[in-house]
Amino acid sequence: MKFALSINMERFSPDESMQDAMSNMLALARMADEGGFETLWTAEHHTIECTISPNPFQTLGWLAQHTSRIRLGTATLVAPYWSPIRLAGEAALCDHLTGGRLEIGIARGAYQYEFDRMAGGMPQQEGVAYMKELVPAVQKLWAGDYAHDGHYWRFPLATSVPKPLQSPHPRIWVAARDPGTFDWAVGLGASILSTPLSAPVAEIGVLAEKFRKACTDHPERPRPKFMMQRRTCVYDSRQDWQEIVRYSVDYGRYFENLMQNIGTVKNGFPEAVPFETVANRGSYDPKAIRDNLVFGTPEEVISKLEVYEAAGVDQFCLGLSYNLPFELQVRTLRLFIDEVMPHFAARERKAARPRFAAVGA
């Protein structure tokens, strides 16, 4: 199992500077690059300061100038906000700017608050139909001249300029939780991004089974990659868990505001809504969050990650952008690089070691 990092530039108060948000993200990206992480992922969001990424291709092009090995991915582009020609060209150019390190993650979208401003107020659940028309069109534009006559977009013969650096194109990842999306994505040849959110550990197996079924149902396709993301924090002492859980719980109140569109946003800063307005208050139990998310000492985190590995996860992604103080993000990465990753690297080396038959056998 390989490891990835999901980070964004984030501000939760006007007192926090944009320069600090940029320098913090760059410092974490450099740590991940030097520490051997496989991929760095960053999101697309609009009009909200807690995730500053109106065009993740710009962010990844910038990070490419300061990193050398780590792959750079969008997690995720929001399908209804793009057109096929624009996405094909911008992604292909970013692939060149990153030296062929681009990974493209795409989704239907999450925050109804954004859909009210970016997609004419359409319900965000309808974004999946846009995604299913958009992705195949982009693939055809990368391949050459293509005319499109679809439900959402129509254009005469055109092509992507430039073409991607990677051949035939960067790996496409689809964010999926619904079985139908798993099936569609695997049938298309795409890899899967998924997250159990804050659900119990059993959800890992549920998502893994959806992935396995989709792969079984599409034997014509090589097995794609399977990634899972969870909020992560590694700390020195078991007694530290309550502070970390509090950050996650507090961030959830911003998340519920945007997801359910039940609060206000002032000058780009969402308010933390009261818990009595949250429909799924049971998922914010502190001990359940501690147990379900990847919070713990290095030993505890290793034990939790072995569940993902056993489920067939190819890449586990550390989610660090939930208003966790920068110094705790740095400490998490340091402990993860120094004490967690070597455990899995040693297991991989042992598994790859050739076995020789006994003499005379």
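The table below gives the values:
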| item | result |
| --- | --- |
| Per-region count, the stretch 249-291, residues under 22 Å from the mean Cα position of the chain (by Cα), of a type in the set (S, T, N, Q) and closer than 24 Å to residue 201 by Cβ | 1 |
| The stretch 108-127, residues that are open to solvent by less than 10 Å² (accessible area, probe 1.4 Å) and not charged (D, E, K, R) | 115, 127 |
| Test: residue in the stretch 272-280 that is in a helix (DSSP H, G or I), under 21 Å from residue 11 (Cβ atoms) and open to solvent by less than 10 Å² (accessible area, probe 1.4 Å) | no |
| Unmet criterion (only one of (1) closer than 15 Å to residue 102 by Cβ; (2) open to solvent by 10 Å² or more (accessible area, probe 1.4 Å); (3) in contact with a Lys or Arg (Cβ under 8 Å, 6 or more places away or on another chain)) for residue 40 | (2) |
| Total residues in the stretch 318-340, condition outside any helix (DSSP H, G or I) and open to solvent by 20 Å² or more (accessible area, probe 1.4 Å) | 3 |
| Top-ranked residue of the stretch 1-37 - restricted to ones that are among the aliphatic types (A, V, I, L, M) and in a loop (DSSP other than H, G, I, E, B), ranked as surrounded by the fewest Cβ atoms within 10 Å (Cβ to Cβ) | 1 |
| Residue match in the stretch 212-222 (condition: open to solvent by 60 Å² or more (accessible area, probe 1.4 Å), within 21 Å of residue 75 (Cβ to Cβ), in contact (Cβ under 8 Å) with a residue 60 or more places away in the chain and among the charged types (D, E, K, R)) | no |
| Scan of the stretch 115-136 for residues that are over 9 Å from residue 80 (Cβ atoms) and touching a residue at least 60 places away in the same chain (Cβ under 8 Å), ordered by number | 116, 117 |
| Residue selected from the stretch 226-248 under the condition under 19 Å from residue 203 (Cβ atoms) and among the aliphatic types (A, V, I, L, M), by the criterion surrounded by the most Cβ atoms within 10 Å (Cβ to Cβ) | 227 |
| Checklist (1) surrounded by fewer than 19 Cβ atoms within 10 Å (Cβ to Cβ); (2) in a loop (DSSP other than H, G, I, E, B) applied to residue 183, failing item | (2) |
| Filtered residues of the stretch 250-268 (kept if touching a helix residue (DSSP H, G or I) at 6+ places or on another chain (Cβ under 9 Å) and either at pLDDT 90 or above or among the basic types (Lys, Arg) (or both)) | 253, 264, 265 |
| Subset of the stretch 140-151 [touching a residue at least 40 places away in the same chain (Cβ under 8 Å) and either surrounded by fewer than 17 Cβ atoms within 10 Å (Cβ to Cβ) or in a helix (DSSP H, G or I) (or both)] | 141, 142 |
| Any hit, the stretch 140-149, residues being within 17 Å of residue 75 (Cα to Cα) and at pLDDT 95 or above | no |
| Identity of the residue in the stretch 152-180, touching a helix residue (DSSP H, G or I) at 6+ places or on another chain (Cβ under 9 Å) and among the polar types (S, T, N, Q), that ends up least open to solvent (accessible area, probe 1.4 Å) | 160 |
| Pairs where the first residue, in the stretch 72-86, is in a strand (DSSP E or B) and the second is surrounded by fewer than 24 Cβ atoms within 10 Å (Cβ to Cβ) and acidic (Asp, Glu), C-beta under 9 Å, 6+ apart | 78/114 |
| Residue that is most open to solvent (accessible area, probe 1.4 Å), among those in the stretch 186-200 that are modelled with pLDDT of 95 or more and among the hydroxyl-bearing types (Ser, Thr, Tyr) | 195 |
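Okay, residues lined up against (1) closer than 22 Å to residue 193 by Cα; (2) at pLDDT below 95; (3) open to solvent by 10 Å² or more (accessible area, probe 1.4 Å):
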| site | (1), (2), (3) |
| --- | --- |
| 306 | yes, no, yes |
| 313 | yes, no, no |
| 316 | yes, no, no |
| 354 | no, yes, yes |
| 359 | no, yes, yes |
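The values are calculated or read from the model by the stated rules, or taken from the named source; none is laboratory data. No experiment lies behind these values; they were computed from the predicted model shown. Cβ coordinates were reconstructed from backbone atoms using ideal geometry, including for glycine residues, and neighbour counts include every protein chain displayed. With ligands, DNA and RNA removed, areas are computed over all heavy atoms of the protein, side chains included. Shrake-Rupley method; radii C 1.70, N 1.55, O 1.52, S 1.80 Å.
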